[in-house]
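Contents: one structure, followed by commentary.
Nothing in this text is a laboratory measurement; each read-out follows from the coordinates by a stated rule. Note that the coordinates shown come from a computational prediction; the quantities given were computed from them, not determined experimentally. Neighbour counts are summed over all protein chains in view; Cβ atoms, including those assigned to glycine, are modelled from backbone coordinates with ideal geometry.
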Amino acid sequence: MFAVKFHKPVVILKHKPQKHLLRFIHKLDKQNKQSVITPATDVLHYIDNVPEYKCLKDQLPKGLLKKYKTPESMYLINKNTAKVIADTLNKYIDNKSPVVEVNPGLGYLSKELLDSEINHIYMFESLNHFSSHIHLLQTQYPDKCTYKIADFFGMWKLAFKDKMDQGTRIKDLLGDLATDNNDRVVKIVGSMPGLSFIKHLMNTIIFHNTTNQLGRPDLFITMPGYHYEFLTDNEIQFTKHKSTPALFQLLFDFKVLNNVPKVHFLPWTFPATGKRMTVMNINCMYLVNITQKKKLPCPPEYLPLLWYFFKPHMFSKSTKVIPFLEQWIPGCGIWLISGQDPPDINKEIAPGKDDAELPHMTIFTEFGDLTLNQKLTVFKKFVSLPEFEHCQFRLTMENNLPKFILPIEDEDKDSIGTHIDEIEHSDSDIDTM
């Protein structure tokens, strides 16, 4: 009997279970090593050698002392820079519109703003770690600030879920901020080390314009100069064709207000790889104002079609305009060449007196020959043709909607919090959307 019982483990050993056990242990060990936060040496050296930051290390989550490729969140740690930013913002922010501060962190900028003429600030912080600092501000400035632990920059995910099940997640997040007035202006203050939120905001306007409940955003954001240059590249207006900056410039007005030292924000980032040309100071964060235009480039229901029309795979600057359009609507080029409209054109979307005039068009005219606003005119002309609703363009667009428009799996359905240790995204796809 003992021999039989002893024999069973021997049979299992022939399948080498220790190999699988070792692999499992190795995987756990790897996960444990990844979870250990190792602060960057140069970040520690900088903080240790600035008297103002003497006690700062004990107040910060360890994840902020690491370096990232492109973190989702960035926190101001310098009081003087907070004052510089607040002094600049006070010229543009008043009590006519609600004010939102995203990821206030230690509350340095919050305090400066609360000391100004602003009546009330809505604060949204994605890290629980900073709650004590915000609660102190609430004690010092009762009735002047509303505080929530929430990922404000990730609210676009909730907008989609609400659209799918007629939920109230956005309304619950915004609370008193929620509005049905799409023209209501809301001032949003924060730091943005990458382009994720701008892309999310563009997607919200394009795909959820009628249900965003936020109103018209007026952003006052500190961001790296090269990201601002990418979004506002003037060559997009003439020769280049890149989807994200083209749509950005059609949807927003923008300007630089000030610049401040980049080292005054955590976490630090690794130097950009490759030869990234910039005329802006790489050692600065730029305080920029980005405002959604009062008048969108087309009616809201046509915005997804505009998004698809400007997708990189649709055309390049060397693509010939008329042959491209005639792939969708054969024979439509005559209306561009003649400069006339068919009698049954859709006047709701057709180009009007405020749209850019097109040059004399031939079958050889390329998209690179047109300005950004002239490309918009071509789009409006195309979708206003009576044959448009019977062509395959709309169906093709619907079959190529981005993943975030499609059903989302059950992943933290009602949770919108993020943690700096889990955020390390790259904007390597900076030229696409």
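What is the gain in length, in nm to one decimal, between T269 and N346 on full extension, counting 0.36 nm per residue of separation less the C-alpha to C-alpha distance?
Full extension from T269 to N346 adds 22.7 nm.
Return the FRET efficiency for the residue pair N373, K148: r is the Cβ-Cβ distance, R0 is 30 Å, and the value is rounded to the nearest 0.05.
Step by step, r from the Cβ atoms, then E = 0.15.
What are the ³J(HN,Hα) couplings of the range 51-57, residue after residue, when phi is run through the Karplus curve with 6.51, -1.76, 1.60 and θ = phi - 60°? Round to Hz, x for glycine and proline.
So the Karplus estimates, Gly and Pro as x, are x, 4, 9, 3, 9, 5, 4 Hz.
Report ³J(HN,Hα) in whole Hz for each residue of the range 189-205, in order, from the Karplus equation J = 6.51 cos²θ - 1.76 cosθ + 1.60 where θ = phi - 60°; Gly and Pro get x.
10, x, 10, 9, x, x, 9, 4, 5, 4, 5, 4, 5, 4, 5, 4, 5
Taking only C-alpha pairs under 8 Å that are 6+ residues apart, what is the relative contact order of the range 37-102 in percent?
RCO, the range 37-102: 30 percent.
Which listed residue (Q340, H360, L395) has the Cα farthest towards the positive end of the charge dipole for the range 312-399, taking +1 on Lys and Arg C-beta and -1 on Asp and Glu C-beta about the Cα centre?
H360
Work out how much length N80 to C55 would gain on full extension: take 0.36 nm times their residue separation and subtract the Cα-Cα distance, in nm to one decimal.
Length gained, N80 through C55: 7.3 nm.
With an 8 Å Cα cut-off and a minimum separation of 6 or more residues, compute the relative contact order for the range 75-299 in percent.
20 percent
For N258 and S316, what is the calculated FRET efficiency with R₀ set at 35 Å and r taken between the beta-carbons, to the nearest 0.05?
0.40
State to the nearest 20 debye the size of the charge dipole of the range 312-399 about its Cα centre, where the only charges are +1 on K and R beta carbons and -1 on D and E beta carbons.
It works out to roughly 200 debye.
Farthest toward the dipole's positive end in the range 69-124, which of P71, I93, Y108, given Cβ charges of +1 (Lys, Arg) and -1 (Asp, Glu) about the Cα centre?
The one lying farthest along the dipole's positive direction is P71.
Give me the percent relative contact order of the range 231-365, please, defined on Cα pairs under 8 angstrom at least 6 residues apart.
Once divided by the residue count of the range 231-365, the mean separation gives 24 percent.
Order 216-224, 103-111, 124-132 from most to least packed using the mean count of other Cβ atoms within 10 Å.
Taking the mean over residues of other Cβ atoms within 10 Å, the ranking is 103-111, 216-224, 124-132.
Pairs K157/K242; K144/K187; K111/K144; K83/K148; K148/K293; K295/K381: which are spaced more than 21 Å apart, C-alpha to C-alpha?
Listed pairs above 21 Å: K157/K242; K83/K148; K148/K293.
For F252, list long-range residues whose amide hydrogen, built 1.01 Å from N in the peptide plane, is under 5 Å from its own amide hydrogen.
K293
Within a 10 angstrom radius of the beta carbon, how do M123, M285 rank from fewest other beta carbons to most?
M123, M285
Work out how far the C-alpha atoms of the range 75-299 reach from end to end along every principal axis, then list the three figures in whole Å, largest first.
54, 43, 30
For T222, which sequence-distant residues (separation of 5 or more, or a different chain) have an amide H within less than 5 Å of its own amide H, given hydrogens modelled in the peptide plane?
Under 5 Å from the amide H of T222 lie the amide H atoms of G190, S191, M192, V288, each far enough along the sequence or on another chain.
Amide H of E101 versus every other amide H placed in the peptide plane: which residues, excluding those fewer than 5 positions away on the same chain, fall under 5 Å?
Y122, M123, F124, V189
Apply the Karplus curve 6.51 cos²θ - 1.76 cosθ + 1.60, θ = phi - 60°, to the phi angles in the range 288-294 and return the couplings in whole Hz, x for Gly and Pro.
Residue by residue, the range 288-294 yields 10, 10, 10, 10, 4, 5, 4 Hz.
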